[in-house]
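All remarks here apply to the structure that follows.
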Amino acid sequence: MLAVAVAALVGLVVGSFLGTLVLRPPKGLPVVGGRSMCPACGHQLKAGELIPVVSWLVQRRRCRACEQPIPVFYPAMEIAGALVAGLSLAVVPWPFWLAACAAGWLLLVACGRLLVKTG
Ligand SMILES: [Zn+2]
């Protein structure tokens, strides 16, 4: 049970990165290296604003700088990443867990791209 919880926490962080894989390339932004920022005003997020799901909730779903709503897409990708990791470990034995996660996360990125493309 503890391993599934740890896998889900890892999945939260990975899910946050998967969100950048979905959103940045179509805008011509770098996937690696660029700082996370508010999609509305470009405010660069500080460490306390980068905690998956928690920051979104604590900030009441709004940017601290411009008060614009932060799309639910961000925490949804983080939660989905956690679900993929946690559920994969719950049903797939350890060495194959990583492959199951990779497959699930790839599907998540593909679905995210479709969602973003279709609006
Ligand atoms: Zn902002």
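Derivation of every value follows stated rules applied to the coordinates shown; laboratory data play no part. Being a predicted model, the structure only gives us computed values, none of them experimental. Using ideal geometry, Cβ is built from the backbone for each residue, glycine included, and neighbour counts are taken over all protein chains shown.
Tabulated data for the structure shown
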read-out	value
Cβ-placed point charges (K, R +1; D, E -1), dipole of the chain about Cα centre in debye, nearest 20	360 debye
Listed residues Ala7, Leu87, Thr118: farthest to the positive end of the dipole of the stretch 2-118 (Cβ charges)	Thr118
Two-decimal Rg to Rh for the stretch 29-110 - Kirkwood Rh, Cα set	1.06
Peptide ranges 46-59, 71-84 listed from the most packed, as the mean C-beta count within 10 angstrom indicates	71-84, 46-59
In degrees, nearest ten, helix 2-27 long axis to first principal axis of the chain (Cα)	50 degrees
Leading residue at positive end of dipole, the stretch 2-118 (Cβ point charges), from Cys38, Val72, Leu50	Cys38
